[in-house]
Amino acid sequence: MTVDGAADDPGRRPDADALAVRTLGECRHPSPLAGRPGHEPFVDETRRVLLCSDVTELAAPGAPARAFEPAGPRERIFFDPARLTCGILTCGGLCPGLNNVVRAIVLRLSHAYRVRRILGFRYGYAGLAHPELHEPRVLAPDVVESWHERGGTALGSSRGPQDPGRMVESLQRLDVGLLFVIGGDGGLRGASALAGEIARRGLAVGVVGVPKTIDNDLQWTWRSFGFETAVDAARGVLEAAHEEACGAWNGVGLVKLMGRHSGFIAAHATLASGDVDFCLVPEVPFALDGPGGLLTALEARLAVEHHALVAVAEGAGQELLPAGAPPARDPSGNVKLKDVGTFLRDRITAHLATTRIDGVVRYIDPSYTIRSLPTNSFDSQLCLAFGQHAVHAGMAGRTDVLVGVWNQRFTHVPIPLAVAARRRLDPRGELWQRVLESTGRVC
């Protein structure tokens, strides 16, 4: 099946073994939720969330079904809450909802499970590896009470790998039995490496992830938090750029949006706007010059309507930019992209001058503004659910796992499976066809 226009190769779908979730051991403690009025029902451990909802994809008789373990509270838990210390960290770039998730985890640990000691590690893995430099922050409901009203991360964040052995030693020294990692693909790879080092040392310490990627490009989860907020904000920027373009003769609005490898923000914002004439994403190569190139198509658009709006994802068209020195990398090892936004701005401006078209380019790059925003209503609810389900998973002894959303259910996804490949927009899928129709690129 496909989700949101993501490419799907049936031959690469995970088998039942890859979907199995690691546990720390037998759950011997009764859940403190038992008998408490108003708590959600305990999960039936025999239930599963099917990977494919199409009946033609169901497993053959006798074969194990490819399915996710459902998220939710368990009747028996692994940890004794009265003796447990939990840790939380946020890593990678900013994303709407980081504070919401931290707050949700703290509230659920404190109110539902009565965990007495919760530590917030400062500046991501750097703070876990070096707590003597960045003293952990003691978290409690009164501390995080209003955190959901703010963007950014109150705990701080960082990029770059840290020594798993040193981080495990910090966890042992601080007596942390359960760590929650809020991060994207890089941060979650770090969480999986940390869980592996913990397992090699034979320790009963759980590591649970919450999917944070504003590009919505993690595999096997329908949504990561922050994405809907980003699309909402990007739509507003596109509307402003459209007005700028319409307010000038042969005005061109050009907006660069986030999307290093996956164009979901640009695609969804284009559909939400309805005014975009050209949507450029990393998954769909485009030419700049020649009869089928962007500049010729833009020229034709201006000849008829005298204004145009272009949305470009930051990872689009990288092959068109001049080759220079070997690409630099950020502290996490990601290749630093060349700036396609300013490149297109200059090339479009030069083309207007060369063809003697009296026009102007209005360029907007709202990336850092968008990623530091507070959440919208959808993401606020999603963050709360993610945080709560992460706590349930951790208390039940699940480890090297993240909370995902699949087939309208919250699920447990093994982290190695989630980060094995990046989810990308399918150029043959329904989402991209809608984008082409919306922009008038398909008749």
Nothing charged except the Cβ atoms of Lys and Arg (+1) and of Asp and Glu (-1): what's the magnitude of the dipole of the chain about its Cα centre? Round to the nearest 20 debye.
1360 debye
Counting only GluC sites (Glu not before Pro) that are in a DSSP loop and have at most 15 other C-beta atoms within 10 Å, tell me the longest site-free stretch of the chain.
146-443
Given the DSSP H assignment, sum -39500 (n - 2.57) over each helix run of at least 4 residues in the chain and divide by its residue total; what's the result at 222 nm in deg cm²/dmol, nearest 500?
-9500 deg cm²/dmol
Could you compute the net charge surrounding A248? Neighbours are other residues with a C-beta less than 13 Å from the C-beta of A248; K and R count +1, D and E count -1.
-3
By average Cβ neighbour count within 10 Å, what is the ranking of 284-293, 344-353 from highest down?
344-353, 284-293
Projected onto the charge dipole of the chain (+1 at Lys/Arg Cβ, -1 at Asp/Glu Cβ, origin at the Cα centre), which of A266, H351, L19 gives the Cα projection farthest towards the positive end?
L19
Of P73, W147, G160, which is farthest on the positive side of the dipole of the chain, counting Cα position, with +1 on Lys and Arg Cβ, -1 on Asp and Glu Cβ, and the Cα centre as origin?
P73
Pairs of Cα atoms under 8 Å, at least six residues apart: use those to get the relative contact order of the stretch 70-123, whole percent.
54 percent
Pick from A230, A266, A193: which is most flexible by mean-square fluctuation in a GNM of the chain where alpha carbon atoms under 10 Å apart are linked?
A193
How big is the C-alpha Rg of the chain next to the rule-of-thumb value 2.2 N^0.38 Å, as a ratio?
1.06
Run the dipole for the stretch 228-370 about the Cα centre, Lys and Arg Cβ at +1, Asp and Glu Cβ at -1, nothing else charged, and hand back the magnitude in debye, nearest 20.
400 debye
With a bin width of 5 angstrom, please list the P(r) values of the stretch 228-370 as percents of all Cα-Cα pairs, from the 0 bin to the one holding the largest distance.
2, 10, 20, 23, 20, 14, 7, 3, 1, 0
Around L139, under 14 Å between beta carbons, what's the net of Lys plus Arg minus Asp minus Glu among the other residues?
+3
Can you tell me, using C-alpha contacts under 8 Å and at least 6 residues apart, the relative contact order of the chain as a whole percent?
24 percent
Multiplying the sequence separation of R13 and T369 by 0.36 nm and subtracting their Cα-Cα distance, what value in nm do you get?
124.5 nm
For R409 and S53, extending 7 Å from Cα along the Cα-Cβ vector and measuring point to point gives, in nm, a value of 1.2 nm
What order, most packed first, do the peptides 258-265, 356-363 have when packing is the mean number of other Cβ atoms within 10 Å of each residue?
258-265, 356-363
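Read-outs throughout are calculated quantities, based only on the coordinates presented, and are distinct from any laboratory measurement. For clarity, every value in this text was computed on a predicted model and none was experimentally measured. We place every Cβ from the backbone using ideal geometry, glycine too, and count neighbours over all the protein chains shown.
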